[in-house]
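The values are calculated or read from the model by the stated rules, or taken from the named source; none is laboratory data. Everything numeric here is computed off the predicted structure, so don't read it as measured data. Here the Cβ is made from the backbone with ideal geometry for all residues, glycine too, and neighbour counts use every protein chain on show.
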């Protein structure tokens with residue numbers, strides 16, 4: 001059976017021949033060339049040459065021989081037994097939708113979506129436990145920061161995941177967030193924050209900054225905002241709709257506009273020692289609208305956590 005792989009952000013822009021060699025390092029140069037020459041490597045269903053460059057959401061198809069490579073293959077049974085059972089049960093309790101090719105969660109704040117060098121407990125590691133009847137493992141199609149709660153959707157099986165990933169990459173998904181901020185300017189009730197962003201480092205840590213000097217590597221970024229409620233001590237609940245999907249866009253844009261998100265120590269608004277509401281980053285992915293892999297519009301809503309009301313009224 002052929003192997004299908006969805007191209008993710010960290011793979012985008014690579015030459016196809018180099019990517020395939022990375023994915024199947026046990027396969028010799030001659031065999032790889034034959035795969036291309038005989039049309040056994042396909043990108044979005046089409047024959048391609050090795051010089052082709054891949055993009056986010058592309059569906060890469062490799063011949064069955066690639067399934068034996070440890071980097072390409074993923075044994076569902078082994079992964080399922082290694083998943084943390086407590087995490088699996090925790091995620092079962094926050095399922096928003098589990099139907100056919102779509103599995104969506106109301107991700108809790110503080111839970112990582114993917115693993116890393118010091119992160120062993122994450123959503124991705126538990127997904128094999130939610131495999132479909134045919135063994136189709138749900139796959140991540142977008143990300144949320146560890147400390148952001150709310151709608152997280154996965155695609156069950158390669159075809160569904162590829163369709164959802166392409167929709168995100170093409171900016172066809174409509175996202176709505178809620179954020180609780182302090183110091184929001186009076187009279188600024190609704191509008192758009194249009195401020196390009198660029199990455200940099202502070203003390204060895206990567207951060208995102210508003211670019212005011214026109215650097216070549218800056219990326220356009222737009223965020224729609226609307227004041228939903230004003231609470232105690234100048235706290236304000238905002239609804240946000242990012243028109244672009246830059247790293248830390250909402251956090252940086254709100255800090256730039258004068259109201260950093262509460263609980264966001266990275267961009268300027270840590271919680272005080274006498275904070276009386278739950279301690280967390282007050283950013284929540286409340287709604288996602290995206291085309292369903294089987295057609296039609298998929299709408300997912302995650303209720304606003306009670307912590308937000310507690311903080312507004314504290």
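How many residues does the range 18-41 hold that are farther than 16 Å from residue 61 by Cβ and part of a loop (DSSP other than H, G, I, E, B)?
Counting residues in the range 18-41 that are farther than 16 Å from residue 61 by Cβ and part of a loop (DSSP other than H, G, I, E, B) gives 3.
When both residues are 6+ apart or on different chains and their Cβ atoms are under 7 Å apart, which pairs have a first residue that lies in the range 283-303 and is at positive phi and not assigned by TED's automatic domain parsing to the domain that holds residue 260, and a second that is crowded, with 16+ Cβ neighbours inside 10 Å and at pLDDT 95 or above?
Once the first residue is at positive phi and not assigned by TED's automatic domain parsing to the domain that holds residue 260 and sits in the range 283-303, no partner that is crowded, with 16+ Cβ neighbours inside 10 Å and at pLDDT 95 or above comes close enough.
Could you tell me whether residue 280 is in contact (Cβ under 8 Å) with a residue 24 or more places away in the chain, in contact with a strand residue (DSSP E or B) (Cβ under 9 Å, 6 or more places away or on another chain), surrounded by 15 or more Cβ atoms within 10 Å (Cβ to Cβ) and assigned to a helix (DSSP H, G or I)? Working first, answer last.
On the way: in contact (Cβ under 8 Å) with a residue 24 or more places away in the chain: yes; in contact with a strand residue (DSSP E or B) (Cβ under 9 Å, 6 or more places away or on another chain): yes; surrounded by 15 or more Cβ atoms within 10 Å (Cβ to Cβ): yes; assigned to a helix (DSSP H, G or I): no.
No, not satisfied.
Could you check residue 38 against (1) surrounded by 12 or more Cβ atoms within 10 Å (Cβ to Cβ); (2) modelled with pLDDT of 90 or more; (3) more than 24 Å from residue 107 (Cα to Cα); (4) out of contact with any helix residue (DSSP H, G or I) (no Cβ under 7 Å at 6 or more places or on another chain) and say which number it fails?
For residue 38, the exception is condition (1).
Please list, ordered by first then second residue, the pairs with beta carbon atoms under 7 Å, 6 or more apart or interchain, first in the range 42-53 and at pLDDT below 90, second surrounded by 13 or more Cβ atoms within 10 Å (Cβ to Cβ).
These pairs meet every condition: 44/58; 44/59.
Would the range 70-81 turn up any residue that is crowded, with 16+ Cβ neighbours inside 10 Å, modelled with pLDDT of 85 or more, within 25 Å of the chain's Cα centre (by Cα) and not in a helix (DSSP H, G or I)? Reasoning before the result, please.
We begin by selecting, within the range 70-81, every residue crowded, with 16+ Cβ neighbours inside 10 Å; these are 72, 79-80.
Next cut, modelled with pLDDT of 85 or more only: none.
For the range 70-81, residues crowded, with 16+ Cβ neighbours inside 10 Å, modelled with pLDDT of 85 or more, within 25 Å of the chain's Cα centre (by Cα) and not in a helix (DSSP H, G or I): absent.
Every residue in the range 283-314 that is assigned to a loop (DSSP other than H, G, I, E, B) and exposed (fewer than 14 other Cβ atoms within 10 Å of the Cβ), please.
Just the residues of the range 283-314 that are assigned to a loop (DSSP other than H, G, I, E, B), to begin with: 292-296, 302-305, 314.
Matches in the range 283-314: 294, 295, 296, 303, 314.
Within the range 90-120, how many residues are loosely packed, with under 14 Cβ neighbours inside 10 Å, outside any strand (DSSP E or B) and within 17 Å of the chain's Cα centre (by Cα)?
3
Run residue 247 past the list (1) surrounded by 20 or more Cβ atoms within 10 Å (Cβ to Cβ); (2) under 20 Å from the mean Cα position of the chain (by Cα) and report the number of the one that doesn't hold.
(1)
Applying the selection to the range 236-277, what residues are closer than 10 Å to residue 311 by Cβ, in contact (Cβ under 8 Å) with a residue 60 or more places away in the chain and part of a loop (DSSP other than H, G, I, E, B)? Let's see the steps before the verdict.
Step one: list which residues in the range 236-277 are closer than 10 Å to residue 311 by Cβ, which gives 237, 262-263, 271, 275-277.
If we keep only those that are in contact (Cβ under 8 Å) with a residue 60 or more places away in the chain as well, we get 237, 262-263.
Matches in the range 236-277: 262, 263.
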